[in-house]
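The values are calculated or read from the model by the stated rules, or taken from the named source; none is laboratory data. Model, not experiment: these values are computed from the prediction. Every residue, glycine among them, receives a Cβ derived from its backbone with ideal geometry; neighbour counts consider all protein chains shown. Heads up: the accessible areas ignore ligands, DNA and RNA and are worked out on the full protein's heavy atoms, side chains in. Shrake-Rupley method; radii C 1.70, N 1.55, O 1.52, S 1.80 Å.
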Amino acid sequence: MAIEDDVLVIGGGLAGASAALGAARGGASVRLVTHKENTLRNASGLIDVLGYHGSDEPIAEPFEAIPDLPDEHPYRKVGVDAVREALALFDEVVGELYEGGHTERNALSPTYGGRIKPTSRYPTSAAAGLASKEGDTLLVGFETVTAFDAPLAAERLDPSVPFEVRGVTIAFPGDLRSDARITRLARALDADELTERGRRVGTREALAERVAEHLGDAERVGFPAVLGDEEHHEVRASLGGELGVPVFEVPMGPPSLPGMRLEDGLYEALDEEGVRVESGNPVVGYTEEGGRITAVSVDRGRREIPYHADQFVLATGGLVGKGIDSSREGVFEPVFGCHVPQPAERYEWFHDEAFDDQPYARFGVAVDGGLRPLDPEGRPEFSNLRAAGAVLGGYDMAREKSGSGVSLSTGLVAGRRASEDIQ
Ligand SMILES: Cc1cc2nc3c(=O)[nH]c(=O)nc-3n(C[C@H](O)[C@H](O)[C@H](O)COP(=O)(O)OP(=O)(O)OC[C@H]3O[C@@H](n4cnc5c(N)ncnc54)[C@H](O)[C@@H]3O)c2cc1C
């Protein structure tokens with residue numbers, strides 16, 4: 001039987017999920033096809049809209065700053081109202097998993113490297129640790145979680161906040177292997193049961209006992225983001241109960257439990273919305289007729305299968321996810337061969353100083369106001385293809401701290417417009 005949908009979304013990260021939800025809510029039948037893991041597993045789980053623009057001064061009101069961005073920025077293509085609507089959809093879909101939706105101001109979250117980062121939405125698990133709330137803080141690291149050096153993070157944070165921060169490193173309770181993964185620690189806290197010197201112990205109580213020795217006058221305690229997987233609300237509540245102070249997670253790099261929890265939440269929402277999701281196989285080609293894409297081919301190992309649809313959304317990620325790739329010939333978009341604007345002279349791709357504003361960070365497909373990828377002459381590449389998320393050019397997510405906001409808002413607009421254009 002031929003595979004046929006109103007809207008086919010390619011890519012299952014934040015942008016693809018947002019596009020699929022937008023299209024499904026517009027009444028379309030939607031399929032989402034995605035290849036490998038998305039960047040949520042690598043990202044912190046913080047949802048940044050706009051943290052910096054043009055200076056080292058953090059932005060307090062991200063929505064107010066959007067009109068000052070350059071014309072080619074994806075936020076300028078979709079408009080500030082669409083960014084607000086995308087964040088509202090995010091709040092609705094993730095429910096109690098996230099906070100920050102009560103204000104348009106950025107919050108300040110500590111990072112695992114000991115910096116303070118402006119962000120728009122933060123996991124509920126991180127809420128008690130915000131630097132914008134005062135309270136003497138104890139950071140607790142584990143000997144085996146080398147990515148989070150609590151004493152060093154505390155030393156860096158302490159001079160930049162109006163409260164005291166101390167850090168301590170302890171052994172995680174139980175006879176776990178020294179190279180136990182973060183997910184293993186989380187599951188030991190979920191199960192609340194461990195073997196320690198041959199004896200069964202409650203993981204949460206044993207951990208709280210170890211931390212209590214260092215608590216002193218601390219008014220809150222932060223751990224790396226390993227506090228439970230399925231049971232994370234309960235784990236945090238019981239540690240807080242044992243210690244008598246609020247407990248929070250410091251968002252971490254890969255593997256990011258807050259990112260994975262968010263991914264689970266988004267995929268549940270897709271399921272509820274009736275979106276058919278297929279993962280594990282890449283889209284490798286397409287057929288077209290009269291400037292319209294008629295089908296894409298999905299590589300199923302032995303065969304390439306055509307997936308037909310009326311409208312298509314490209315949400316395959318950026319340089320990290322290989323939605324944008326490069327070779328000796330230049331930078332390109334591998335699925336549809338969409339044009340990626342770039343200086344012909346390679347010396348103009350980057351500046352010598354590592355921390356300079358780097359042109360290559362803005363590489364990606366250029367789009368019109370309807371998010372249609374544009375060819376070198378500025379004409380839409382295909383009438384029924386839209387692009388969203390990190391595959392777009394014209395913004396520098398790492399420098400601006402705008403990655404998730406751009407993916408959510410361009411995804412929502414691409415999905416909505418696709419559903420409106422069904423013939
Ligand atoms: C290390 C790191 C840390 C970050 N930290 C933050 C942060 O703290 N806050 C923040 O707001 N943002 C952060 N970001 C940015 C943010 O995570 C991304 O901007 C955003 O999630 C990108 O979403 P996306 O859906 O556009 O792309 P991705 O998440 O890259 O998803 C693209 C998906 O498309 C799939 N795909 C690619 N090619 C094909 C194909 N041919 N066929 C089918 N599927 C395909 C990929 O397998 C992938 O699943 C971080 C990013 C990284 C890399």
- Note on the structure: If amide H atoms are modeled at 1.01 Å from N in the peptide plane, then the residues at a separation of 5 or more from residue 338, or on another chain, having amide H under 5 Å from its own are 333
- Task: Heavy atoms only, probe 1.4 Å: what % of the accessible area of the chain goes to carbon and sulfur, would you let me know?
- Result: 46 percent
- Item | Distance between modelled label sites at residue 147 and residue 57, nm, 7 Å Cα→Cβ extension | 3.4 nm
- Message: Output the 0 to 90 degree angle, nearest 10, between the alpha-carbon long axis of helix 232-243 and the longest principal axis computed from the alpha carbons of the chain.
- Response: 20 degrees
- 5 angstrom amide H check on residue 142, placed H, neighbours 5+ away: 170
- Message: With a 10 Å cut-off between alpha carbons and a GNM built on the chain, which of 229, 81, 179 moves the most?
- Response: 179
- Message: Rounding to the nearest 10 and keeping the result within 0 to 90°, find how far the Cα-based axis of helix 14-25 lies from the longest principal axis of the chain.
- Response: 60 degrees
- Item | Ranked order, 236, 302 - accessible area, probe 1.4 Å, largest first | 302, 236
- Task: Quote the relative contact order of the chain in percent (integer), defining contacts as alpha-carbon pairs under 8 Å separated by 6+ residues.
- Result: 26 percent
- Gained length - residue 183 relative to residue 276, 0.36 nm times residue gap less alpha-carbon distance: 30.7 nm
- Multiply the residue gap between residue 399 and residue 160 by 0.36 nm, knock off their C-alpha separation, and tell me the result in nm, one decimal place. 84.0 nm
- Note on the structure: Here the longest stretch of the chain that holds no GluC sites (Glu not before Pro) in a DSSP loop having at most 13 other beta carbon atoms within 10 Å is 1-133
- Note on the structure: Whole-Hz Karplus couplings 3J(HN,Hα) for segment 291-301, θ = phi - 60° and coefficients 6.51, -1.76, 1.60, Gly and Pro as x, run x, 10, 6, 9, 7, 10, 9, 9, 7, 9, x
- Query: Residues of segment 1-55: accessible area per residue at 1.4 Å, in Å²?
  - Reply: 35 Å²
- Item | Reachable aspartates and glutamates from residue 36, criterion Cα separation under 16 angstrom, eight or more residues apart if same chain | 263, 264, 278, 299, 325
- Query: Is it possible to state the helix-based mean residue ellipticity at 222 nm for the chain, with each DSSP H run of 4+ residues giving -39500 (n - 2.57), the sum divided by total residues, to the nearest 500 deg cm²/dmol? What is it?
  - Reply: -8000 deg cm²/dmol
- Task: Order these peptides, 54-61, 361-368, by their mean beta-carbon neighbour count within 10 angstrom, highest first.
- Result: 361-368, 54-61
- Task: Tabulate in residue order the Karplus-calculated ³J(HN,Hα) for segment 209-218, using 6.51 cos²θ - 1.76 cosθ + 1.60 with θ = phi - 60°, rounded to whole Hz; enter x for Gly and Pro.
- Result: 4, 5, 6, 4, 4, 10, 5, x, 8, 4
- Item | Stretchable slack from residue 320 to residue 288, in nm (0.36 nm times residue separation minus alpha-carbon distance) | 8.7 nm
- Tell me which residues come under 5 Å, amide H to amide H, from residue 330 once H is placed; ignore anything under 5 positions away on its chain. none
- Task: Compute the accessible area per residue over segment 184-295, keeping the other protein chains in place, probe 1.4 Å, unit Å².
- Result: 46 Å²
- Item | Debye intensity ratio in log₁₀ form over the Cα atoms of the chain, taken at each q of 0.09, 0.14 Å⁻¹ | -0.59, -1.21
